[in-house]
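Single-structure report; data block below.
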Amino acid sequence: PEGTIHSVSTLQNGGLIVELESKSLASWLNNPTGRNALESHLDTTVLFCQRHYLLILEYLPIHLQIEQENFLCHAENENNIPENSLASIKWIKPPSKCSAEQHKAFVQL
């Protein structure tokens, strides 16, 4: 596929972070054909790890039931976010510890 490698960084544990030009190149490398091609150039086995990024959502109404099993799926659907893009959600300060006057709180997404 078309595309270039923007950068390669070596981690302390010997792993590599590879920044690619396009999502299509990343998808190709993540399938068996691309993985075999990459492994032949690196002369080692390749393992792909997905990265998650922490977001802070401010002023979320504390009446929302974020602990429900389908909350993240519902949030993805309502906001046109690709399926399984949201990994976890939790209150920074649980609503049970909020004052009676407090109606909003922050969450880690």
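The values are calculated or read from the model by the stated rules, or taken from the named source; none is laboratory data. Here the structure is a predicted model, which is why all the values come from computation and not from measurement. So basically every Cβ, Gly included, is an ideal-geometry build from the backbone, and we count neighbours across all protein chains shown. Accessible surface is based on the protein model in full, side chains and every heavy atom, while ligands, DNA and RNA are left aside. Shrake-Rupley method; radii C 1.70, N 1.55, O 1.52, S 1.80 Å.
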- request: Please verify whether the stretch 90-104 includes one or more residues that are under 16 Å from the mean Cα position of the chain (by Cα) and exposed (fewer than 11 other Cβ atoms within 10 Å of the Cβ).
  value: yes
statement: Scanning the stretch 70-109 residue by residue, the ones that are among the charged types (D, E, K, R) and farther than 22 Å from residue 51 by Cβ total 5
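Which one is nearest to residue 101 (Cα to Cα) among residues in the stretch 52-62 that are in contact (Cβ under 8 Å) with a residue 40 or more places away in the chain and open to solvent by 90 Å² or more (accessible area, probe 1.4 Å)?
Our first condition is that a residue be in contact (Cβ under 8 Å) with a residue 40 or more places away in the chain; within the stretch 52-62, this holds for 54-62.
Add one more test, that the residue is open to solvent by 90 Å² or more (accessible area, probe 1.4 Å), and what stays is 54-55, 58-59.
Working: 54: 28, 55: 25, 58: 17, 59: 14 Å.
Restricting to residues being in contact (Cβ under 8 Å) with a residue 40 or more places away in the chain and open to solvent by 90 Å² or more (accessible area, probe 1.4 Å), the top hit is 59.
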message: Given the criteria modelled with pLDDT under 95 and part of a strand (DSSP E or B), does residue 46 qualify?
response: no
- prompt: Would you say residue 69 is within 27 Å of residue 104 (Cβ to Cβ), out of contact with any Ser or Thr (no Cβ under 8 Å at 6 or more places or on another chain) and at pLDDT below 90?
  reply: yes
field: Within the stretch 6-27, tally of residues that are open to solvent by 60 Å² or more (accessible area, probe 1.4 Å), at pLDDT 85 or above and farther than 20 Å from residue 43 by Cβ
entry: 6
- request: Please find, within the stretch 72-101, the residue that is modelled with the lowest pLDDT out of those that are among the polar types (S, T, N, Q) and part of a helix (DSSP H, G or I).
  value: 96
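Return yes or no: is residue 2 of a type in the set (Asp, Glu) and in contact (Cβ under 8 Å) with a residue 24 or more places away in the chain? Talk me through it step by step, then tell me what you get.
Values: of a type in the set (Asp, Glu): yes; in contact (Cβ under 8 Å) with a residue 24 or more places away in the chain: no.
No, not satisfied.
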- request: Tell me which of these residue 25 doesn't satisfy, since it passes every other one: (1) farther than 26 Å from residue 109 by Cβ; (2) part of a loop (DSSP other than H, G, I, E, B).
  value: (2)
